Amino acid sequence: MTMQRRDVIRMGALVGLGGWGSAAWAHHGWSSFDQERPIYLEGRAADVKWRNPHAELVLELPQALSLPTDLAQRPLPSQTAGVDGAALLAKAVLPTRRDRRWEIELAPLFRLGQWQMPEIKNGAALSVVGFTFKEEAGAAILRAEYVFLNGKAYGLRSSPA
């Protein structure tokens, strides 16, 4: 059973973790997410937190979310991790849950800087492809694999190749 972000944070507080220790507990590794089912989301950024251990934001989805017809053909940047981006975009689906607000986990600030990704501001329009917990259980959290912002794609798994 996968522990949800809020449960992990509460556990850290209960055992008295302080400083960096509690931040590390709150961070999810890639293995916490269902990497067999990429999810597509788009909307407007709200409550952006541009900080470590990773940047995060709330994405407010439109009333009617749909997959873009060009998603599988979008050009993707090369990155050092072995990610088959084209296959991932071709498999992307809409979430089955109907939450209008999703917490989006981005990469650490150092990696976002390597990609020269501009700081996302509240109200910015963007889309993401990433992974949620198995069977979309728990909170509406998505770990972003790719971010599409201002007409450019950013890969977040690793550094640029």
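Rule-based calculations on the coordinates, nothing more; no lab input. In this text the structure is predicted, and so the values were computed from the model without any measurement. Cβ coordinates were reconstructed from backbone atoms using ideal geometry, including for glycine residues, and neighbour counts include every protein chain displayed.
Fully extending the segment from Lys121 to Trp50 would add 24.7 nm, taking 0.36 nm per residue of separation and subtracting the current Cα-Cα distance.
Expressed as a fraction of 2.2 N^0.38 Å, the rule-of-thumb size for a compact globular protein of N residues, what is the C-alpha radius of gyration of the stretch 33-155? Before the final figure, lay out each step's value.
Working: Rg = 13.3 Å, N = 123, 2.2 N^0.38 = 13.7 Å.
Compactness ratio reported: 0.97.
Can you sort Glu42, Glu135, Glu105, Glu145 by how many other beta carbons sit within 10 Å, fewest first?
Numbers: Glu42 17, Glu135 11, Glu105 23, Glu145 27.
Ranking Glu42, Glu135, Glu105, Glu145 by Cβ neighbours within 10 Å, fewest first, gives Glu135, Glu42, Glu105, Glu145.
Listed by chain and number, the lysines whose alpha-carbon sits under 16 Å from that of Lys49, ignoring those within fewer than 8 places in the same chain, are Lys121. Annotation: peptides 52-62, 80-90, ranked by per-residue average of other Cβ atoms within 10 Å with the highest first, follow the order 52-62, 80-90. Distance between the 7 Å Cα→Cβ label points at Asp99 and Ser159: 3.3 nm.
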